[in-house]
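Working notes for the structure below.
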Amino acid sequence: MEVHHHPDLHHKKKNFKEYFLEFLMIFLAVTMGFFAENIREHYTEKNNAKEYLETYRDELLQQQSQFNNYKKVCGNKVIVCDSIKMIFFNHEENKKIDALERLLVPGIKLISISFSTASYDQIVNSGALRYINNIDLRDSMAAYKGLIETTKDYNAHIIQGMINNTFELSKLEDLHDMISADTGKSFDIMSHVPDIKPFPPLSDQQRNFIVFFYESYIIQAQSDLLRLKSLSLSNRNLLKMINKQVDK
């Protein structure tokens with residue numbers, strides 16, 4: 001009869017030193033994994049911050065090219081509207097009707113200043129601001145965004161008022177030929193010189209309204225020039241901070 005021997009399942013009891021060594025190995029493995037993960041996250045965050053800032057820098061550079069364009073638009077607006085205003089102020093509207101015909105289209109053209117903030121909005125909406133450890137830089141970015149939004153809101157408010165006043169102006173000025181009927185020229189609105197009928201005698205109230213209408217455009221343009229100056233300065237300072245941060 002065959003006898004089966006069962007293996008001895010009793011293990012030799014480990015001493016304290018062996019338990020301690022196992023614990024130490026596990027602890028070191030977990031600790032090393034923790035440090036490795038932290039290093040990886042730090043590298044990823046640093047790389048992400050650099051990529052976001054480089055995209056944001058491109059946006060700032062694009063805005064810089066727009067500053068000069070908007071400054072020219074606002075500067076020209078001041079000159080044109082001041083000329084129109086003085087013609088009416090001096091009661092010379094019929095005497096200088098040819099000049100008014102040349103100035104009318106650029107004179108009543110609305111000024112709208114808008115800058116794209118898509119890169120900054122993406123940084124905020126994605127939560128990527130946490131990747132940027134420079135608090136001064138983050139604050140400067142937010143302040144710059146605030147300046148842009150204030151400028152946009154200001155112009156939107158003024159534009160709505162000017163649109164409303166243009167309806168009143170149409171009762172006093174002949175605006176029947178503001179846009180060329182030639183469809184081949186419609187794309188080039190600013191080159192069109194409208195035909196204006198002579199003005200009937202204007203009352204002091206009517207004359208004051210016309211003068212103030214064009215003075216309002218001058219006020220808007222001068223205000224925008226000041227805002228553009230502040231934006232341009234903030235833009236340059238931001239670029240310096242970002243270049244320093246990216247080149248680290």
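The values are calculated or read from the model by the stated rules, or taken from the named source; none is laboratory data. Computed from a predicted model, the values in this text were never measured in an experiment. Methodologically, a virtual Cβ is constructed for each residue, glycine included, from the backbone with ideal geometry; neighbour enumeration extends over all protein chains shown.
If you scan the range 44-63, which residues turn out to be modelled with pLDDT of 90 or more and over 19 Å from ASN125 (Cβ atoms)?
Within the range 44-63, LEU61, GLN62, GLN63 meet the criteria.
Search the range 67-125 for residues being among the basic types (Lys, Arg) and part of a helix (DSSP H, G or I), and hand back the single one that is nearest to LEU225 (Cα to Cα). It would help to see each step written out before you state the result.
Pass one, the range 67-125, residues among the basic types (Lys, Arg): 71-72, 77, 85, 95-96, 102, 109.
Right, trim to part of a helix (DSSP H, G or I) and you get 71-72, 77, 85, 102.
Details: LYS71: 6, LYS72: 9, LYS77: 11, LYS85: 20, ARG102: 24 Å.
The extreme case among them is LYS71.
List every residue pair whose Cβ atoms lie under 8 Å apart, where the two residues are 6 or more positions apart in sequence or sit on different chains, the first residue falls within the range 73-87 and is closer than 16 Å to PHE213 by Cβ, and the second residue, located anywhere, is surrounded by fewer than 22 Cβ atoms within 10 Å (Cβ to Cβ) and polar (S, T, N, Q).
VAL78/GLN222
Which one of these is assigned to a helix (DSSP H, G or I) and among the basic types (Lys, Arg): LYS152, LYS171?
Working: LYS171 fails: assigned to a helix (DSSP H, G or I).
Result of the check over LYS152, LYS171: LYS152.
Would you mind finding the one in LEU238, LEU233, LEU228 that is surrounded by fewer than 16 Cβ atoms within 10 Å (Cβ to Cβ) and either modelled with pLDDT under 90 or assigned to a helix (DSSP H, G or I) (or both)? Break it down stepwise before answering.
Details: LEU238 fails: surrounded by fewer than 16 Cβ atoms within 10 Å (Cβ to Cβ); LEU228 fails: surrounded by fewer than 16 Cβ atoms within 10 Å (Cβ to Cβ).
Just one listed residue meets the conditions, LEU233.
Could you tell me which of the residues THR117, THR55 is within 30 Å of VAL246 (Cα to Cα), touching a residue at least 12 places away in the same chain (Cβ under 8 Å) and more than 13 Å from the chain's Cα centre (by Cα)?
Values: THR117 fails: more than 13 Å from the chain's Cα centre (by Cα).
Of the residues listed, the single one that is within 30 Å of VAL246 (Cα to Cα), touching a residue at least 12 places away in the same chain (Cβ under 8 Å) and more than 13 Å from the chain's Cα centre (by Cα) is THR55.
With (1) surrounded by fewer than 16 Cβ atoms within 10 Å (Cβ to Cβ); (2) assigned to a loop (DSSP other than H, G, I, E, B); (3) among the hydrophobic types (A, V, I, L, M, F, W, C) as the list, and ILE159 as the residue in question, which single condition is left unmet?
(2)
What are the pairs, 6+ residues apart or on separate chains, where a residue within the range 223-248 that is more than 26 Å from ASN133 (Cβ to Cβ) has its Cβ under 7 Å from a residue that is outside any helix (DSSP H, G or I) and not charged (D, E, K, R)?
From the range 223-248, the pairs are ASP224/ILE111; ASP224/ILE113.
For residues that are farther than 23 Å from THR151 by Cβ and surrounded by 15 or more Cβ atoms within 10 Å (Cβ to Cβ), tally how many sit in the range 203-225.
Result for the range 203-225: 5.
From the residues in the range 94-113 that are touching a residue at least 40 places away in the same chain (Cβ under 8 Å) and over 20 Å from HIS192 (Cβ atoms), which one is surrounded by the most Cβ atoms within 10 Å (Cβ to Cβ)?
Restricting attention to the range 94-113, the residues satisfying the condition of being touching a residue at least 40 places away in the same chain (Cβ under 8 Å) are 94, 97, 100-102, 104-113.
This time we only want the ones that are over 20 Å from HIS192 (Cβ atoms), so: 94, 113.
Working: ASN94: 14, ILE113: 21.
Across the range 94-113, the extreme among qualifying residues is ILE113.
Do you know which residues across the range 65-86 are under 30 Å from GLY127 (Cα atoms) and modelled with pLDDT of 90 or more? Quick ask: steps written out before the conclusion?
The initial filter retains those residues of the range 65-86 that are under 30 Å from GLY127 (Cα atoms), namely 65-67.
Answer for the range 65-86, where residues must be under 30 Å from GLY127 (Cα atoms) and modelled with pLDDT of 90 or more: GLN66, PHE67.
Residue by residue through the range 131-149, note down the ones that are assigned to a helix (DSSP H, G or I), touching a residue at least 60 places away in the same chain (Cβ under 8 Å) and either of a type in the set (Lys, Arg) or under 21 Å from SER234 (Cβ atoms) (or both).
Step one: of the range 131-149, the residues assigned to a helix (DSSP H, G or I) are 131, 135-149.
Cutting the leftovers down to touching a residue at least 60 places away in the same chain (Cβ under 8 Å) gives us 131, 136-137, 140-141, 143-144, 147-148.
ASP136, LEU137, SER140, MET141, ALA143, TYR144, LEU147, ILE148 - these are the residues of the range 131-149 that are assigned to a helix (DSSP H, G or I), touching a residue at least 60 places away in the same chain (Cβ under 8 Å) and either of a type in the set (Lys, Arg) or under 21 Å from SER234 (Cβ atoms) (or both).
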